[in-house]
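Let me begin by presenting the structure, written as structure tokens, before commenting on it.
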Amino acid sequence: GDSVTQTEGLVTLTKGLPVMLNCTYQTTYSPFLFWYVQHLNEAPKLLLKSSTDNKRTEHQGFYATLHKSSSSFHLQKSSVQLSDSALYFCALGTGGYKVVFGSGTRLLVSP
Amino acid sequence: NSKVIQTPRYLVKGQGQKAKMRCIPEKGHPVVFWYQQNKNNEFKFLINFQNQEVLQQIDMTEKRFSAECPSNSPCSLEIQSSEAGDSALYLCASSPGAGGRQNTLYFGAGTRLSVL
């Protein structure tokens, strides 16, 4: 069935360093991938999305490239800020509007 | 700020009690979802609707959970007989619908249910 795998449960970094959060997927459909971010006690919200192979998508300093050959959609940022501390979820659009979420990665940025 | 409104924010129930939560989707969004987010922050899909009709639901939802999205009224999710394992954050999301799998979900802040 359709699934999303995020390998890191927790990533801790110092402000200003680069980050990459891993996301791989399995699907029988043509893939449509999302990254959602959830700050503490807030609603999850869309960070970026893509269905185009090998095209970089960017928003708010974060970027990701869908690679169908490796079934990956890793999230990256060149320099993390304290305000980037949050939960990050990779998600996959499947049939009937259903969206399958990965287990999430908590990013903690320290001063 | 989210335009999907969920009430109440917090709900405390005893085991065996009914628990009911409501969601007003974003205006113009015909597709509504309910997800359960557990203490490990994992999302579990429960049910989704399109214009009051159920699209998909999991087995658990069929047995103890009931949900509806009547026209001109808030959507609701009700647990008939709460269990300790139901303690979680219940997230409602709505979507514009057009475009199928590429639809962005717009989430509410959730109802946090604690079953004592």
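The values are calculated or read from the model by the stated rules, or taken from the named source; none is laboratory data. Small disclaimer: the values here were computed from a predicted structure and weren't measured. Counting neighbours? That spans all protein chains shown, and the Cβs are built from the backbone with ideal geometry, glycine included. Surface accessibility is based on the protein's heavy atoms, side chains included, excluding ligands, DNA and RNA. Shrake-Rupley method; radii C 1.70, N 1.55, O 1.52, S 1.80 Å.
Here segment B:1-23 is the region considered, the condition is being touching a Gly at 6+ places or on another chain (Cβ under 8 Å) and closer than 21 Å to B:Q80 by Cα, and the residue that is farthest from the other protein chains (Cβ to nearest Cβ) is B:C23.
Scanning segment A:50-66 for residues that are touching a helix residue (DSSP H, G or I) at 6+ places or on another chain (Cβ under 9 Å) and modelled with pLDDT of 95 or more, we see that the one that is farthest from B:A93 (Cα to Cα) is A:G61.
The condition of being more than 10 Å from chain A (Cβ to nearest Cβ), surrounded by fewer than 20 Cβ atoms within 10 Å (Cβ to Cβ), within 24 Å of B:G16 (Cα to Cα) and not hydrophobic (A, V, I, L, M, F, W, C) holds for only one of B:E78, B:E53, that being B:E78.
In segment A:30-52, of all residues being open to solvent by 60 Å² or more (accessible area, probe 1.4 Å) and in contact with a strand residue (DSSP E or B) (Cβ under 8 Å, 6 or more places away or on another chain), the one that is nearest to B:Y106 (Cα to Cα) corresponds to A:K45. For segment A:86-111, the set of residues classified as within 14 Å of chain B (Cβ to nearest Cβ), open to solvent by 30 Å² or more (accessible area, probe 1.4 Å) and more than 30 Å from B:E53 (Cα to Cα) consists of A:R106, A:L108, listed by residue number.
Open to solvent by 10 Å² or more (accessible area, probe 1.4 Å) and either at pLDDT 95 or above or in contact with a Gly (Cβ under 8 Å, 6 or more places away or on another chain) (or both): is that true of A:L82 in this structure? Full working, then the answer.
Working: open to solvent by 10 Å² or more (accessible area, probe 1.4 Å): yes; either at pLDDT 95 or above or in contact with a Gly (Cβ under 8 Å, 6 or more places away or on another chain) (or both): yes.
Answer is yes for this residue.
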